[in-house]
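Only one structure is covered here, and it is reproduced in the block below.
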Protein chains: 2
Amino acid sequence: MIPDAVVARALFNPRSIALVGASGDENKHASLPQKYLRRHGYSGEVFPINAHRDYVFGERTYKRVSDVGRPIEHAFIMVPTDAVFDAVSDCCRAGVPYATILSNGFAESGDAGRRKQDALLDVAGSAGLRLLGPNSIGFINLVDRVALSASEILSAPDLLPGGHSLISQSGTLIGALLSRGQARGFGFSKLISVGNEADLGVAEMGEMLIDDPSTEAILLFLETVRNADGLAAMARRAYEAGKPVVAFRVGRSDVGQQLAASHTGALVGSGAALDAFLRDIGVVRVDTLDALLEIAPLLAGQRPPAGRRVSVLSTTGGGGALVIDSMGSHRIEIAPPSDSTVQRLADKGISIKPAPLVDLTLAGTNSHTYGTVLRELMAVEDTDLVVCVAGSSSQFRPDRTVMPIIAAVRDGGTKPIAVFLTPQADTSLGLLSEARIAAFRTPESCADAVRAYFDWRAPRSAPIRNRLDVAISILTETASTPLDATIAARLFAALGIPMAAERVLPIDAAEIDAGLLETLTFPVVAKVLSPDIAHKTEIGGVVLDIGSAHELERALRRIVEQAARLRPDARLVGIQVQPMLNGLAEALLGYRRDPAVGPVVTLGVGGVLAEIYGDVAIRPAPVDDATAHDMIAEVRGFAPVRGYRGLPRGDLDALARAVAAFSSLAFLDVAEAEINPLLIRAEGQGVVALDALLVRDSRHAD
Amino acid sequence: MIPDAVVARALFNPRSIALVGASGDENKHASLPQKYLRRHGYSGEVFPINAHRDYVFGERTYKRVSDVGRPIEHAFIMVPTDAVFDAVSDCCRAGVPYATILSNGFAESGDAGRRKQDALLDVAGSAGLRLLGPNSIGFINLVDRVALSASEILSAPDLLPGGHSLISQSGTLIGALLSRGQARGFGFSKLISVGNEADLGVAEMGEMLIDDPSTEAILLFLETVRNADGLAAMARRAYEAGKPVVAFRVGRSDVGQQLAASHTGALVGSGAALDAFLRDIGVVRVDTLDALLEIAPLLAGQRPPAGRRVSVLSTTGGGGALVIDSMGSHRIEIAPPSDSTVQRLADKGISIKPAPLVDLTLAGTNSHTYGTVLRELMAVEDTDLVVCVAGSSSQFRPDRTVMPIIAAVRDGGTKPIAVFLTPQADTSLGLLSEARIAAFRTPESCADAVRAYFDWRAPRSAPIRNRLDVAISILTETASTPLDATIAARLFAALGIPMAAERVLPIDAAEIDAGLLETLTFPVVAKVLSPDIAHKTEIGGVVLDIGSAHELERALRRIVEQAARLRPDARLVGIQVQPMLNGLAEALLGYRRDPAVGPVVTLGVGGVLAEIYGDVAIRPAPVDDATAHDMIAEVRGFAPVRGYRGLPRGDLDALARAVAAFSSLAFLDVAEAEINPLLIRAEGQGVVALDALLVRDSRHAD
């Protein structure tokens, strides 16, 4: 369903445009596109469509698109919600290949609107009409001078074309980024508001931009992901084509996000899943709006870096400290120059200290010193990026620090450079932008971009499908049975996850086989077993550290009494008895199908800490052992089992294998799952899961 | 030592200036001040001092200040380091009241430089000459047109005066903030580079700005605090005078910070202590450079707020989400409009949803709707601040959203407002700035300023001195004794902290009184007692869960053997035996004298988590119970004992009392102390300290 290059031309650079609902009332937004097309030099034909007036702004109108009698390559629909269906139908009759719909009141407004949107899709689909929107503010193609949008940003007299293209789920951000870019000398090729993405969405627009010779980098402003597979395919192809894809995402906070209500997977909202997904497919994610504009030159011609080591060169201690501080919280290593670098510079008559900040001070604020030190820092192999800082001189004396940076890059320096200038230095920022060097207006956006660059990963290829036959057969044979912890445990064991040994005792203590009790090695743990009770502890359904057969009998009676009193509805299957095991730490493994991006696996420290500190690692599932190791490294709470402060190390290889095995749930009909806790034992002693929970996919749920 | 108003005039607005070391070589920084004074309209007399030339830039020079033969009110000294002493001495002879020293090579460069700086202070002090610097780039007084500085930012043709004044420990930041402010229409009254603060520092300059009628807000760019008492006094007086003091601090990251090497207090670097100190004295601390410029109007005429509830009004969902997301991580409550607000607006014909983001959409992007809703949100009492967001229209149509904001404030709205405009909208930002409404260029700086406003506290008055007689006498009578855990325990008990019961057994197991063993209630814990062993666990000096007298004897032997083998140098005083106690959670209390800001108390969760997550609360000591409760609320890891997810609540009142009691160490000759762990038991059951450590102040240390 991806339009080919020829029809792409008709989408972004149509020879003729119909403005459906064009208004002559300057206070109405429907009056704007006609004005803006003309103002920004559109050279094709424009046909205002208005049933009630003969002329709009002196141009002859038509009652309907089908009345024009000439081929229309693109229709821009601005009529009230309830008139959109007729307008789209009319476009179909007239053989229009593309329509962009500004009108709102569709899927974004609720179920009734969604039905209206589906009706549009049906009629357009049958006629081969492709839709952008509804609820799209339009698009702006600066290279070909097609400003087909109602964004008031187009009141600006003159717009600079360039190599960035933006796809935005928010119409406002088209204007926000265009105007901010213009003020900084960043030109755009195309800016596209995809609105509700009923038909053409982020993925399709991205595919077209990959093929667009005037687009060098693709910027995304995302509120959600509606087509994860398409986005993944687009991002992978963009990576291969060497066009960086950079995303800024809103919806990072809890407000407005639906909190996952279910027991499993509730650790993280889908925001974290979305971030994990974007990283997994090779998208660079920035957290500051400025960095979305500024980062592209840092990525151009680059591949994901090997390390996270930065040299910082500055003419000002205060300015250098600003950037270093902002980078401080991002696991970035500020690397002092090596002894040999210091020596080579000394041989050239330049004395620097082997400190993390290479501060040339006012005395070194000249082209020769700055340029020589920078070239040296770019040439060494023990760092991955150079941050260049310049002070007040950069506002009026670009020759002192800015020109040497440009010369060093021009002369073949290939190490990525990020520049931060302390003053408002528009001329210098413009010079750097022209030279395609990443320059940042604030220390915070500079640090964010450096962090984003270091977090950049090549798109991950999907791991090889594990052997899953046994797991699948367990799911199949128990398809009609309510899932309880023992079935979950069998399934996880089949996937290769070590499960704690267990016995299931009957509910009625009188039925317990005395011989069986004698085979138990105390102390043990007893837990109620019921498909209806997820939170066992809360109803007193778990008793720890039971030292003898006698204590066990008492514990069983207490558990059954409590369950009968607090959850009289629950079906009790039995009492699960496990040895009381100890480990160095506890992990929690979660799995769920995220509505936006599909299966994700989550790893955190057991107990409530993962939630309290938001300290979890999340990845699209399945993951391989190497990715599982990356996840373990990300969880700060595992510091003790990584050997922090000389504490005994845990068996992290076994943990990684368990995470990878658990993540192969992605191949099964499972909606949610959790292992909590997974005991992490000392190195060489493995891990063991103490409790498991599984929810079938709704297609198979009981 | 604070200059009075008359001499302040001579500092900032001198009638005559000597430029000591003035150069005619335009490539030298010493050539700049003369040029800049003239360019920016200085109306007093300028006397270039140069021993080698008769004229500099056409103005007659003098060999020395004392040769001028006219009263010099301010000398600007730019000579090489080793000539500064003579220049200062000459100023003393000439009766100059103020000298600003640009030259560097003093305390900032090491011990030799510090001695040179002390020599300057001696000679200046004896003659009554006050010094700014050395290592100061000078000051800029825009109101009176005195640009006495070498900052190349002064190459700008025209500078806008205004109501902000800046005191900076970094010379570069004078230029950075001045130029950034100018681009935004923020004028400055005075910008002062204090350099090494040998004599006049942040505190003295702040005191002068409090008395300066043209200064409305005092901005600080801090790298450290050199005079905590002076800064505290200044901040308190500024608060009383209604002049907000806003600080941005570098040195937040670990790089370049000296890590505290000692056992206690190592949880936090002095950066956190500095932040706690600033909040304690009523300074508003921002974390983004943009917010330092932008926040002042938000604070003008305000007092610290009661709650953290925000209304967000927007014409764009994407723009609103940008700010809400940025605020998301700052414990700020986004409050939806109440039912009665929704109803009152419905009565006026405006329909809004009771959602956290009040999104008027394109349809509500007009003066009437925006103004009416804003006035309603400003009038209600259930929120503390309104964030106003406007979309693309704000670039060219300020009438739609920006003018209604200005009108609502002009008509007497007193609730604080923070405005974020999504596009580059310089005209609108200028209009808001003129109307003294806080407007922000990025969603991140807007959120940071709102967070900073909510974190603002009135300067705290020092708590009443606790009764400390017993504690003092313990310190006195044991002054010649090495401090061990039992003395520490006695001292903490005297301060009112519940300590675990303990017996001290002799090192030699043969000497143990059998009768004493029988009085113990098992299980117990045994710990080696030695003034030389801080990390008992690491040498096997702690044995837990000892069930009987027999086990205890074995444990004692093992401890003594281990200690003898691993720490043969250590003096063993005895073996401490305590009951084995359990609680709901463990806390760690730390105390130390921070080199910059003095005594601080730190509270975190016990174990390694506080360190791993940086999850500690810190305050200048002493604190009262209310402040201790604030600290407890700040520590995320205490969520379980606050009743998170229905877990049993801990005795937080007892914890707060223990924190307050512990913090009164500030009145004693104690350098460092730690209680780790302090067991938190269930509500009503109190807290109990299991281990304590104390280091005397060096003046009394053994």
Exercise. Of all residues in the stretch B:362-399, which are farther than 18 Å from B:Pro337 by Cα and surrounded by fewer than 21 Cβ atoms within 10 Å (Cβ to Cβ)?
Worked result: B:Leu362, B:Ala363, B:Asn366, B:Ser367, B:His368, B:Phe396, B:Arg397, B:Asp399
For this session: Return a yes/no flag: does the stretch B:482-498 have any residue that is free of Cβ contacts under 8 Å to residues at least 12 places away in the same chain and more than 35 Å from the chain's Cα centre (by Cα).
Result: no
Exercise. Can you list the strands (runs of 3 or more DSSP E) found entirely within the stretch A:532-604 that contain at least 3 residues being charged (D, E, K, R) and either surrounded by 20 or more Cβ atoms within 10 Å (Cβ to Cβ) or at pLDDT 85 or above (or both)?
Worked result: A:585-594
For this session: All but one of (1) within 14 Å of another protein chain (Cβ to nearest Cβ); (2) in contact with a Ser or Thr (Cβ under 7 Å, 6 or more places away or on another chain); (3) more than 27 Å from B:Ala306 (Cβ to Cβ) hold for B:Met403, so report the exception by its number.
Result: (1)
Seminar exercise, completed: Scanning the stretch A:157-180 for residues that are more than 8 Å from chain B (Cβ to nearest Cβ) and not in a helix (DSSP H, G or I) gives A:Pro157, A:Asp158, A:Leu159, A:Leu160, A:Pro161, A:Gly162, A:Gly163, A:His164, A:Ser165, A:Leu166, A:Ile167
Exercise. Taking A:Asp158, is it surrounded by fewer than 19 Cβ atoms within 10 Å (Cβ to Cβ) and under 21 Å from A:Pro71 (Cα atoms)?
Worked result: no
Exercise. Take the residues of the stretch A:419-435 that are part of a strand (DSSP E or B) and aliphatic (A, V, I, L, M): which is farthest from the other protein chains (Cβ to nearest Cβ)?
Worked result: A:Val419
Exercise. Within the stretch B:377-394, restricting attention to residues that are touching a residue at least 60 places away in the same chain (Cβ under 8 Å) and part of a helix (DSSP H, G or I), which residue is farthest from B:Gly430 (Cα to Cα)?
Worked result: B:Leu377
Seminar exercise, completed: Over the stretch B:181-191, the set of residues of a type outside the set (Lys, Arg) and either more than 8 Å from every other protein chain (Cβ to nearest Cβ) or outside any helix (DSSP H, G or I) (or both) is B:Gly181, B:Gly185, B:Phe186, B:Gly187, B:Phe188, B:Ser189, B:Leu191
Exercise. Hey, among A:Arg249, A:Arg226, which residue is under 23 Å from A:Glu108 (Cβ atoms), touching a Lys or Arg at 6+ places or on another chain (Cβ under 7 Å), of a type outside the set (Asp, Glu) and at pLDDT 75 or above?
Worked result: A:Arg249
Seminar exercise, completed: A careful count of residues in the stretch B:75-107 that are part of a strand (DSSP E or B) and in contact with a Leu (Cβ under 7 Å, 6 or more places away or on another chain) gives 6
For this session: Working only within the stretch B:118-134, note down all residues that are surrounded by fewer than 24 Cβ atoms within 10 Å (Cβ to Cβ) and out of contact with any Ser or Thr (no Cβ under 6 Å at 6 or more places or on another chain).
Result: B:Asp118, B:Ala119, B:Leu121, B:Asp122, B:Ala124, B:Gly125, B:Ser126, B:Ala127, B:Gly128, B:Leu129, B:Arg130
For this session: Could you list all residues from the stretch B:406-418 that are small (Gly, Ala, Ser), buried (at least 19 other Cβ atoms within 10 Å of the Cβ) and either touching a Ser or Thr at 6+ places or on another chain (Cβ under 6 Å) or not in a helix (DSSP H, G or I) (or both)?
Result: B:Ala418
Exercise. Name the pairs whose Cβ atoms lie under 6 Å apart, with the first residue in the stretch B:594-612 and within 14 Å of B:Val659 (Cα to Cα) and more than 14 Å from chain A (Cβ to nearest Cβ), the second of a type in the set (Ser, Thr, Tyr) and crowded, with 20+ Cβ neighbours inside 10 Å, and 6 or more positions between them or separate chains?
Worked result: B:Val601/B:Tyr591; B:Val601/B:Ser663
For this session: Check B:Glu204, B:Glu197 and return the single one that is part of a helix (DSSP H, G or I) and more than 12 Å from chain A (Cβ to nearest Cβ).
Result: B:Glu204
Exercise. Got a sec? Which helices (runs of 4 or more DSSP H) wholly within the stretch A:285-376 have at least 1 residues that are facing chain B (nearest Cβ under 10 Å)?
Worked result: A:289-294, A:317-327
Seminar exercise, completed: Residue set A:Ala633, A:Ala654; condition within 14 Å of chain B (Cβ to nearest Cβ), surrounded by fewer than 21 Cβ atoms within 10 Å (Cβ to Cβ), out of contact with any Cys (no Cβ under 8 Å at 6 or more places or on another chain) and in a helix (DSSP H, G or I); output residue A:Ala633
For this session: Check whether at least one residue in the stretch A:585-607 is over 28 Å from A:Arg696 (Cβ atoms) and hydroxyl-bearing (Ser, Thr, Tyr), and report yes or no.
Result: no
Problem set entry | Counted residues, the stretch A:219-234 - those being in contact with a Gly (Cβ under 9 Å, 6 or more places away or on another chain) and in a strand (DSSP E or B) | 3
Problem set entry | Test for B:Ala425: is it free of Cβ contacts under 8 Å to residues at least 60 places away in the same chain and within 30 Å of the chain's Cα centre (by Cα) | no
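To keep it simple, each residue is scored yes or no on (1) in contact with a strand residue (DSSP E or B) (Cβ under 7 Å, 6 or more places away or on another chain); (2) surrounded by fewer than 21 Cβ atoms within 10 Å (Cβ to Cβ); (3) free of Cβ contacts under 8 Å to residues at least 24 places away in the same chain.
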{"position": "B:Ala22", "(1), (2), (3)": "yes, no, no"}
{"position": "B:Lys28", "(1), (2), (3)": "no, yes, yes"}
{"position": "B:Glu45", "(1), (2), (3)": "yes, yes, no"}
{"position": "B:Pro48", "(1), (2), (3)": "yes, no, no"}
{"position": "B:Gly58", "(1), (2), (3)": "no, yes, yes"}
Problem set entry | A:Asp275, sole failed condition from (1) touching a Lys or Arg at 6+ places or on another chain (Cβ under 8 Å); (2) more than 14 Å from chain B (Cβ to nearest Cβ); (3) of a type outside the set (S, T, N, Q); (4) within 23 Å of A:Gly230 (Cβ to Cβ) | (2)
For this session: Give A:Leu209, A:Leu173, A:Leu178, A:Leu219 a once-over and let me know the one that is more than 19 Å from A:Arg249 (Cβ to Cβ), crowded, with 20+ Cβ neighbours inside 10 Å and touching a residue at least 24 places away in the same chain (Cβ under 8 Å).
Result: A:Leu178
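The values are calculated or read from the model by the stated rules, or taken from the named source; none is laboratory data. Keep in mind that what you see is a predicted model, and the values were worked out from it rather than measured. Counting neighbours? That spans all protein chains shown, and the Cβs are built from the backbone with ideal geometry, glycine included.
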